[in-house]
Amino acid sequence: MGAAVAVTGIGLVTSAGVGVSRSWPVLLTGVSTAASLAELAGLPVTLGCQVPRFDPAEAVGPRRAWRLDRHVQFAVTAAREAVTDAGLDPDGWAGDRVAVVLGNGGGGTTTWEREHATFLNAGADKVSPLALPMSLPNMAAAQLGIDLRARGPNLSVATACASGATAIAVGRDLLRSGAADVVLTGGTEALLTPYNVAAFARAGALSRRNDRPAAASRPFDAERDGFVLGEGAGILVLETVAHARSRGAHVWARLAGCGLTSDAFHVTAPDPDGAGATAAIRTALDDAAMSALDIDHVNAHGTSTPLNDAAEARVLRDMTQGRAVPVTSLKGVLGHALGAAGAIEAAGAVLSLRESLIPPTANVTRVDPAVDLDIVTGVPRVLTGDTVLSTSFGFGGQNAALIFTRP
């Protein structure tokens, strides 16, 4: 095992609100944020979980806002909050010892869709000269480094819906390798656009409850019919425990174990046997020098799709060995933020440890009998244990498992 790693800062931009102080109370209500969206009118799916009242000029400054794609605006906003929460100041830190590892699935598709329409309708001369630097998939990490003067390793991770969690694991490894003293890590995504919604709908992944959007995202429920597309960002500040203590920082949690695997099975469907997911969890447990009996709560991937929830439930049921370990999925409230989801849920796992509360899973009126898990529903539940497992699984069969413990 390498050096112990601490979480010292958290930043969130979600469909529940901008900032931890707005997102966390909404998560505790267990009420979905999904709504009908005017920009999706006429599509097969017209609902989504959109970040509310997000003013880019206010969030990142008017001079920068128009140069940044929406997903980068989210990342910078969440990162600034996380750095402040950690008690760090970019004006005073050793920037060459600060790394950035950011997960992202689609890059700047808001910009790409707009500029492609301009290209088709108005011609090549009307395409913005900023089209590429606003839409390339590495630009969220790059712009975050520029904004916060973080001059250490700067990496972008793309493992679809596991991207945010994978980035956290890679960030942890950078700390253990000695390549950085501080890592800003997590994920960001803004794929709630007409093209992406149409594509996911054609793939059969989205809920079609257009008439009841608030009831559409229902992880582990017997009547689930697909996920609801969301957006947002989650950023964690990671440091070695020794570094955090040396500067007198608070430690919200420890990142005790990480596991990354691949199903090598199918581009969109999970391995029905769950071998890859199981291996990721076992790897994280081994990394943390723990057994499955040490897990006190699971913040599940729980997408609300029939295949994913069934496969994940089998994996978790086998792992818990019949114990009533409380399981929740934040996607019932937030929808599926894709490349940001694993990072947002990792932040949720840390907040559960910090606040000793487990948010309920939204819209679970009848747990699928095949799930056979202790799904937290209705109201928050007190978390009495010390260890939380957060799971993330992506298209392509890429799996990530993170284990957090109380400090």
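The values are calculated or read from the model by the stated rules, or taken from the named source; none is laboratory data. Computed from a prediction, not measured in an experiment: that's the story for all the values here. Backbone-built Cβ (ideal geometry, glycine too); neighbour counts: all protein chains shown.
Among the helices (runs of 4 or more DSSP H) confined wholly to the stretch 144-260, which include 3 or more residues that are crowded, with 24+ Cβ neighbours inside 10 Å and on the phi < 0 side of the Ramachandran plot? Show your work before the answer.
Numbers: elements: 163-177, 194-202, 241-246.
Helices (runs of 4 or more DSSP H) meeting the threshold: 163-177.
Residue check: Ser246 meets all listed conditions (1) touching a residue at least 24 places away in the same chain (Cβ under 8 Å); (2) over 22 Å from Gly378 (Cβ atoms) but one, namely (1).
All of Asp221, Asp273 fail the test of being within 20 Å of Pro306 (Cβ to Cβ), in the same structural domain as His336 (by TED's automatic domain parsing) and more than 21 Å from the chain's Cα centre (by Cα), apart from Asp273. Meeting the requirement of 3 or more residues that are charged (D, E, K, R) and not assigned by TED's automatic domain parsing to the domain that holds Gly108, the helices (runs of 4 or more DSSP H) wholly within the stretch 306-396 are 306-320, 341-355. You will find that of Leu353, Leu338, the residue that is over 19 Å from Gly105 (Cβ atoms) and in contact (Cβ under 8 Å) with a residue 12 or more places away in the chain is Leu353 and no other. The helices (runs of 4 or more DSSP H) found entirely in the stretch 1-93 include none that carry 3 or more residues being within 24 Å of Gly342 (Cα to Cα) and in contact with a Pro (Cβ under 6 Å, 6 or more places away or on another chain). The test for being over 27 Å from Ser135 (Cβ atoms), modelled with pLDDT under 95 and not hydroxyl-bearing (Ser, Thr, Tyr) does not hold for Ala65. I'd like to know if the stretch 29-44 contains one or more residues that are farther than 23 Å from Phe393 by Cα, of a type outside the set (S, T, N, Q), crowded, with 19+ Cβ neighbours inside 10 Å and in contact (Cβ under 8 Å) with a residue 40 or more places away in the chain. Within the stretch 29-44 (the criterion being farther than 23 Å from Phe393 by Cα, of a type outside the set (S, T, N, Q), crowded, with 19+ Cβ neighbours inside 10 Å and in contact (Cβ under 8 Å) with a residue 40 or more places away in the chain), the answer is yes, since at least one residue qualifies. Asp263 satisfies every condition listed in (1) closer than 28 Å to Ala6 by Cα; (2) of a type in the set (D, E, K, R); (3) within 22 Å of the chain's Cα centre (by Cα) except (1). Against the list (1) more than 28 Å from Pro137 (Cα to Cα); (2) within 22 Å of the chain's Cα centre (by Cα), the condition Ser246 fails is (2).
When we screen Ala370, Ala362 for residues that are small (Gly, Ala, Ser) and modelled with pLDDT under 95, the only hit is Ala370.
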